[in-house]
Amino acid sequence: MPDSVLLEKYRISGEIELIGELYSRHMHLVYGVCLKYLHDREDARDAVMDIFEKLIIEFKIYVIRDIKSWLYVLTKNYCLMELRKRQSGEHRIRKWQDQQPEFMETIHELHPIDKESIKDEAKLKKCMEHLAAEQKECIRLFYFDNRSYREIASALDLDEKKVKSHLQNGKRNLKICLEDRHVKG
Amino acid sequence: MSKDKIHIRKDLQNFLDYTGDRMSDRERNAFEKELQKDPFASEALEGMSFVNPPDLASDMADLQSQLKKRITIRRRVIIYRIAAAVAIFFIISASLLTVYYDKLGLFRGPVAITEPEKSEFASPAPEPSETNVQQQLLHEQQSKADKPEHQDMGKGITKTTRVAIPEQISDTEGKADRVIISPSPNEPCEEEADVTVEDLENVSGSNESAPAALKEMIYTRGNGALSDKIGAGMVTGVVLSSENKTPLAGAVISLKGSNVTAITDLEGKFEIKAGGTGQEILVVDFIGMIRQEVPCPDNKDINILMDPSNEASEDVLIKGFGSSIASVKSETARSFQTGDEASTGTYQPASPADGYRRYRNYISENINYPGSTELDKAVVVLGFVVNSSGKPEQYSVLMSPGAAFSNEAIRLLLHGPLWIPAQKNGKYLPEETRIRIVFNRKN
């Protein structure tokens, strides 16, 4: 049963098992993100359960199109809020989040290079040439030679984190270039 | 459903295999490509890498069983809630019935609560002195209204103003000579009057029979106490940048060791409730500037110069301010009246959604120094509004040495990470935010 069907059933029946089933599919992601921000297994586990409690309520209130990305933003906001609470005891993010459901649900759009088929290959090649050398090399190895981060890191003698950031920034620049109508393939 | 379960396990298994290094490089690349498509999964992996894979597996099993427990507890809670609702319903209906019978006089239980209070009014018992003062006043200025109302009035004022109106008010306010105040020395009259104008309004408003003169008197008192309080401790001043002596809007001034704060307006001006003791210290903060601590002056007017911070990481300096400053200020002013410091704490300037540190990293990694210039350092200040979906828009260049710098700064802003808009009381505030981008030749 797809996520959206489960959610629809829950909205009609209010049976918590359904939401439990839905949540358990993505729980490892929620847990991972909580770990990343809270840096503590105990806190992260508590957070996963707190977020579940929130879901029970919020799934009823809001119409959700993309459950996964919605859950992602909810998780991040929760963690941000926790961190803020630790720092200053303020709850400013929570209030914001409660009143701005449409802000939370930004549909994630795939980067052109992550799509199955690339529309304008010539333009992509041209745009690749505009990139900084390291960004270009990382993108080439990762997307065209199918190398793992680790392989690229050792090939270019870089830190794995640096490889990821080159990929990220390279992709951002690539996207700007691809969306620029003046650049022709 | 069973198909899904296999799918879940496989998804989690991928994470376990990846962190546990049980994948070939081709498999790693395929998984990494999936992560590139899915920021949720990619961040989750970052978090999972803090934990040993076996621990991760046991944590997940633990969470699954916790989830099951929660669901069963939840179900029980619902049943309890229904039971509780029924019980409350019975209690309420029972008590309503009791009251109803009371009124009819059919039921003689523990009733007649209002009687003793009435007898209090009837006997001219010695009241606290303030009340006496009020009563005197009322006698002098109004003789037609009946007695119980006088006492109500006196009581009402006593409650809201809480304590005596000090003599100094009659000194500062000319109109106050209409008011005859004679606090007896043995009464606790010297406490500061905690007067709230609104409360006084309520009192006078609720008592329609009170004559206009009396209302006026009440206002005079309220304002007298207020202006007296501000006059004793307001410091005003201007915060400027030492670089080019331009005013800094949105700098935060706070009184050391207290929660009294103020924010500078567009012209860098501020007003803060401080001064008088000669020992207070003002702390001035502006992102990207070195924190300043200055002794609170007696002359009540001060210029504060701030030096830019030289930290390399401080390439991006951001401060929210703008259209809402006026309302923030009035809020602050209100808080003097109500004595409620907390009401100022609900304003939140715009900030990058991922935090300032990451935003700075983004800028420093993506900034291109314009080639067509001989400057070695340049500062661009942009003003913009964060829209309700977190994107910067309506930008304007507030300071820039040239178009090449402005364009690069605008490019960075518009193609950069999202922002959390400014909020007040949790509500979106379309106010202007400023960002300061420093270009250094060496990068």
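All of the numbers you see were taken from the coordinates with simple rules; none came from a lab. Computed from a prediction, not measured in an experiment: that's the story for all the values here. Every residue, glycine as well, gets a Cβ built from its backbone with ideal geometry; the counts of neighbours run over all protein chains shown.
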Task: Euclidean distance of C-alpha centroids, the stretch A:58-80 and the stretch B:386-418, integer Å - done: 29 Å
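If packing is taken as the average number of other Cβ atoms within 10 Å across a peptide's residues, how do A:19-25, A:7-13 rank, most packed first?
Details: A:19-25: 21.6, A:7-13: 14.6.
Descending mean neighbour count gives A:19-25, A:7-13.
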Open item on the list: About the Cα centre, and with charges only on the beta carbon of Lys, Arg (+1) and Asp, Glu (-1), how big is the dipole of the stretch A:112-179? Nearest 20 debye, please.
Closed with: 200 debye
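Which translational diffusion coefficient, to the nearest whole µm²/s, is obtained for the stretch A:112-179 from the Stokes-Einstein equation, given a Kirkwood hydrodynamic radius over C-alpha pairs, 4 °C and 1.567 mPa s? Working shown, then result.
Working: Rh = 12.0 Å.
It diffuses with D of about 108 µm²/s by this estimate.
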Open item on the list: What's the magnitude of the charge dipole for the stretch B:385-432 around its Cα centre, counting Lys and Arg as +1 and Asp and Glu as -1 at the beta-carbon? Answer in Debye, nearest 20.
Closed with: 160 debye
Open item on the list: Which one, B:F405, B:V380, B:P430, is farthest towards the positive end of the dipole of the stretch B:344-440 when Lys and Arg carry +1 and Asp and Glu -1 on their Cβ?
Closed with: B:P430
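Explain nothing, just the number: relative contact order of chain A, from Cα pairs under 8 Å at least 6 residues apart, as a whole percent.
Once divided by the residue count of chain A, the mean separation gives 16 percent.
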Task: Spherically averaged projected area in nm², based on the convex hull that wraps the Cα atoms of the stretch B:344-440 - done: 6.4 nm²
Task: Nonlocal amide H pairs with B:L398, under 5 Å, H built at 1.01 Å - done: B:V381, B:L382, B:G383
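Sorted by mean Cβ packing within 10 Å, highest first, what order do the peptides B:380-390, B:62-72, B:430-440 take? If you can, show how the numbers build up before the last one.
Working: B:380-390: 18.8, B:62-72: 14.7, B:430-440: 21.5.
For the peptides B:380-390, B:62-72, B:430-440, the packing ranking is B:430-440, B:380-390, B:62-72.
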Task: Residue (of A:S117, A:L80, A:G14) at the positive-pole extreme of chain A, dipole from beta-carbon charges - done: A:S117
Open item on the list: Taking the Cα centre as origin and putting +1 on Lys and Arg beta-carbons and -1 on Asp and Glu beta-carbons, what dipole magnitude results for the stretch A:11-75, to the nearest 20 debye?
Closed with: 300 debye
Task: Average partner coverage of B:355-362, which counts Cβ from other chains inside 10 Å - done: 1
Open item on the list: Can you give the local net charge around A:R140? Use residues other than it whose beta-carbon is closer than 13 angstrom to its beta-carbon, Lys and Arg +1, Asp and Glu -1.
Closed with: -1
- [ ] Report the far tail of the P(r) of the stretch B:234-310, meaning the percent of Cα-Cα pairs longer than 16 Å.
- [x] 41 percent
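Please compute, for peptide A:35-42, the average count of beta-carbon atoms on other protein chains lying within 10 Å of each residue's beta-carbon.
Values: counts 11, 9, 3, 2, 2, 1, 6, 1.
Per-residue shielding by partner chains comes out at 4.
Need one value for B:407-419: mean number of C-beta atoms belonging to other chains within 10 Å of its residues' C-beta atoms.
Details: counts 0, 0, 0, 0, 1, 0, 0, 1, 4, 1, 1, 2, 0.
Mean number of neighbouring Cβ atoms from other chains: 1.
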Open item on the list: Test of understanding: extend the Cα→C-beta vector of A:D157 to 7 Å, then name every residue of the stretch A:110-136 with backbone N under 19 Å from that spot.
Closed with: A:133-136
TODO: Please go through the residue pairs A:K60/A:K162; A:K164/B:K427; B:K256/B:K424; B:K273/B:K427; A:K60/A:K164; A:K85/A:K175 and name each one whose alpha carbons sit more than 32 Å apart in this structure.
DONE: A:K60/A:K162; A:K164/B:K427; A:K60/A:K164; A:K85/A:K175
